[in-house]
Amino acid sequence: MKLFSTIGRRKIPAHKKESLAREPFVLDINKVTHVYFPLVAGNNAACDPLVKVGDKVKVGTRIAFRQQFSVPLFSSVSGTVSAIEKRMNVITGRPCDHVVIENDFKMEHDALLEKVNLDAPKEHIVEAIKEAGIVGLGGAGFPTWLKYNNVKGIHTVLINAVECEPYLTTDYTLSKLNATKIVEGARYLQKAAEAKELVIAIKVKKEAARDALIEASKEYSDIKVVEVPDRSPMGWEATLIYELYKKRYNRLPSEVGIVVNNSTTAMSVYEALVEGKVITQRLITVSGNVVKNPTNVYVPVGTLAEVVLNEFEIDEEKEFSLLPGGPMTSNPARDASFALQTNHGGLTLLEKVKFRTIPCLRCGKCTANCPAGLQPVEIMRAFDARDYVRLEKLETLRCVDCGLCSYVCPSNIELTDLMKKSKTILRVHQAGKK
Ligand code: SF4
Ligand code: SF4
């Protein structure tokens, strides 16, 4: 089945106003006694520790290094490495070793990165992005430098400020507050890709952020700020590219001459290359229908979710699920003892609703709404039968975890969860065959 041969775009209640009703605040650093860094990245790649128990570190000290794709991790506080211990990694869903740093509350900073001019050679810009350990902050956590390394034939860098996940508002907030940094950071990305055009995409009805981005880019004739419809999953880069360019690709947007980066990632490029700072804190949205004071909060990377949630009034009378991200793409966490990493954009707390799951009605809605053109109901059957040949034939690995199939299923079948499990068993099976 072809990509986008289905409806694949739904209007979903946004619930953004809740967290935007209050100003963002900075988590009091004195409440963060320890920070935690998993030694396994989201794609299960191992990270080697560069510190040992007892070592002193500062804000911005390199503490670990992911060999695959060469990504350094940095401490977000100053203090002492107090342990390397096993904890739950909510991104991979499995326990793994974490570097634990005890905060000395002095917030002493390590040396800044070497600053880079916009007129530096593109290879120099890509190398600086690599050294700064910048990964996609829209959720995927993919190393940014890889998208620009030796790319050719790119006509457009597309900055994605769409943020279609319900409840989350960090990209919107930072686009409004830091539009100049986003535009200037994006210009480094444009230079790295040697792209003629720079396009910043934002959803309709986000006037304050849209206007800030237009104002910040008004001097540049090769930058366009464009609005896209409020449909899900418009933030998925394949949907966004099709919306704007009516182009499809198989694996990577570069096949059609485009590189996509999230808007907050562009801001981090500015902070690294112009200000010399690595990512040691990030803005996250804490929201959901059991949070009485939803808002955005700046937290040091590695802070435990439970420390952040202590700052919020939660309706404890209601039974709720804690999602380490938005409701469409994340699975509930077992508890709040996990550490927030650079690619965590939010914590969503939703009242548990008891759905009665009934057998599949064969209505076809999951297939009709899948933006990747997959057949979730058939994948579910192949999963149940552990039919790997059929899972491959159904192109299971092309699922992007957008959550739409679960959202539309009248039988309340947790299809997205089944898609994730199907991808896992298929990958394990394929690795075994190799
Ligand atoms: S979660 Fe996967 S299978 Fe379900 S609608 Fe999204 S892309 Fe399609
Ligand atoms: S949407 Fe649900 S009930 Fe309808 S075909 Fe898909 S799995 Fe079956």
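A few comments on the model shown:
- Flag for Asp110 being surrounded by 17 or more Cβ atoms within 10 Å (Cβ to Cβ) and either farther than 21 Å from Gln281 by Cα or touching a residue at least 40 places away in the same chain (Cβ under 8 Å) (or both): no
- Residues that are buried (at least 23 other Cβ atoms within 10 Å of the Cβ), touching a residue at least 12 places away in the same chain (Cβ under 8 Å) and not hydrophobic (A, V, I, L, M, F, W, C) number at least 3 in the following helices (runs of 4 or more DSSP H) confined to region 215-330: 263-273.
- Filter result (modelled with pLDDT of 95 or more, among the hydroxyl-bearing types (Ser, Thr, Tyr) and touching an Asp or Glu at 6+ places or on another chain (Cβ under 9 Å)) within region 243-284: Ser263, Thr264, Tyr270
- Restricting region 344-374 to residues that are assigned to a loop (DSSP other than H, G, I, E, B) and buried (at least 20 other Cβ atoms within 10 Å of the Cβ) leaves a set whose member that is farthest from ligand 1 (Cβ to nearest atom) is His344.
- Among (1) part of a loop (DSSP other than H, G, I, E, B); (2) away from ligand 2 (no atom under 16 Å from the Cβ), the one test that Val428 misses: (1)
- Taken as a whole, the structure leaves Asp401 outside the set of residues that are acidic (Asp, Glu) and more than 9 Å from ligand 1 (Cβ to nearest atom).
- No other residue among Ala385, Ala372 is out of contact with any helix residue (DSSP H, G or I) (no Cβ under 8 Å at 6 or more places or on another chain) and of a type in the set (Gly, Ala, Ser) apart from Ala385.
This table checks each residue for (1) within 30 Å of Val408 (Cα to Cα); (2) under 19 Å from the mean Cα position of the chain (by Cα); (3) among the acidic types (Asp, Glu); (4) at pLDDT 95 or above.
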site: Lys11; (1), (2), (3), (4): yes, no, no, no
site: Glu23; (1), (2), (3), (4): no, no, yes, yes
site: Ile29; (1), (2), (3), (4): no, no, no, yes
site: Phe37; (1), (2), (3), (4): no, yes, no, yes
site: Asn44; (1), (2), (3), (4): no, yes, no, no
site: Phe69; (1), (2), (3), (4): no, yes, no, no
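- Residue match in region 155-178 (condition: out of contact with any strand residue (DSSP E or B) (no Cβ under 8 Å at 6 or more places or on another chain), surrounded by fewer than 22 Cβ atoms within 10 Å (Cβ to Cβ) and more than 30 Å from Ser330 (Cα to Cα)): no
- Subset of region 367-425 [more than 15 Å from ligand 2 (Cβ to nearest atom) and aliphatic (A, V, I, L, M)]: Ala385, Val389, Leu391, Leu397, Val400, Ile425
- Filtered by the rule that a residue be of a type in the set (A, V, I, L, M, F, W, C) and in contact with a Lys or Arg (Cβ under 7 Å, 6 or more places away or on another chain), region 315-338 gives a lone residue, Phe320.
- Of all the listed residues (Gly276, Gly235, Gly257, Gly288), the sole one being at positive phi and within 20 Å of the chain's Cα centre (by Cα) is Gly288.
- Tally of residues being within 30 Å of His15 (Cβ to Cβ) and in a helix (DSSP H, G or I) across region 182-214: 12
The values are calculated or read from the model by the stated rules, or taken from the named source; none is laboratory data. Since this is a predicted model, take the numbers as computed values, not measurements. Using ideal geometry, Cβ is built from the backbone for each residue, glycine included, and neighbour counts are taken over all protein chains shown.
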